[in-house]
DNA sequence: TGTTGATAGTTGCTTTTGTAACTAACAAGG
DNA sequence: CCTTGTTAGTTACAAAAGCAACTATCAACA
């Protein structure tokens, strides 16, 4: 790379940012408009819906989200009546988080929307490029 | 995409976010540690260094950054003595922004660091994948 | 039992972003 | 001149993120 000719518009971190902002803006409108949720709330909801009841700590590790963000997302989801908490009997520091019916419904709707979004993107890019893209992104993350 | 099997870890917006966070964290350490700059400040500095003096509005359009973010970045760069402002004679609403020597130095250092970073990434991924990645990201952004 | 260290989760404070409203300057038409 | 509408840039307030300190609980061991 010639330093004199360096262009921000082809700098990979910049391109990644632009693409990520663009793409996540589209899908975030879905959970934001439908349920007034934030990104972290959607991710927490997803983990509980997809993998079943677990503690905040487990979500934090599995989803690579800082525990304070998880804590706030859990409170928000609780206020929406999307999940319930139950203090563990073995260790009273931990809480078992479980989706409530409204949370299950939201999970179903949002997961379907995400799958549709993914399908649409795959159609746009074509199956080969879609595969390449995912492989490359996983290598970077 | 089968909805029952939907996995967040292969959802493109999620992957993009993870990759973008990971990659920009690496480079942001450079301008943050060296000059205490934020991402927007680096981008504004870059545009002035690469394309010469221009107004905040022009930067805002070229770099796709909201004018309030540009305004705050310009103030921060001014306080660091990295740029100077001069009210336009033709239209006194506009200010011509120019890099000062310290800003030029920072631009040179950071541009070189960015080019090095890009080279290292290209080495890691290989030239073919690097080309693919950029093409795909540009298609998404 | 009592101390020490670790862990789950929360809270407080500071920094950053988003959004809308604002000021000052311009331009065009009456 | 004097409205009316537009534009460049700033400011104010609210939403959100980052980080450190805190509480409560547990476990281990003297």
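Derivation of every value follows stated rules applied to the coordinates shown; laboratory data play no part. Given the structure is predicted, the values throughout are model-derived calculations rather than measurements. Reconstructed Cβ throughout: ideal geometry from the backbone, glycine too, with neighbour counts over all protein chains shown.
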Legend entry - Radius of gyration and maximum dimension Dmax of chain B, Cα, Å: 18.4, 64
Inset, instruction - Please arrange B:31, A:117 by counting, for each residue, the other beta carbons lying within 10 Å of its beta carbon, fewest first. - result: A:117, B:31
Inset, instruction - Pull out the extension gain between residue B:102 and residue B:78, defined as 0.36 nm times the separation in residues minus the alpha carbon to alpha carbon distance; nm, one decimal. - result: 7.6 nm
Legend entry - Chain A, closest residue to the rotation axis toward B, by beta-carbon, whole angstrom: A:20, 2
Inset, instruction - Return one number: the angle in degrees, 0 to 90 and rounded to the nearest 10, between the long axis of the Cα atoms of helix B:12-35 and the longest principal axis of the Cα atoms of chain B. - result: 40
Legend entry - Whole-angstrom Cα spans of the protein assembly as shown along principal axes, big to small: 68, 40, 36
Inset, instruction - Mind telling me which of B:130, B:37, B:94 comes out most flexible in a GNM of chain B, alpha-carbon contacts under 10 Å? - result: B:130
Inset, instruction - For residue A:25 paired with residue B:33, estimate the spin-label separation in nm (one decimal), with each label point 7 Å from Cα along the Cα-to-Cβ line. - result: 3.2
Legend entry - Rg [Å, one decimal], Dmax [Å, integer] - the stretch B:1-44, C-alpha atoms: 15.7, 48
Legend entry - For chain B, calculated [θ]222 nm from helices alone, where every DSSP H run of n ≥ 4 adds -39500 (n - 2.57): -23000 deg cm²/dmol
Legend entry - Label distances, nm, residue A:108 versus same residue in remaining copies, Cβ-directed 7 Å point: 6.5
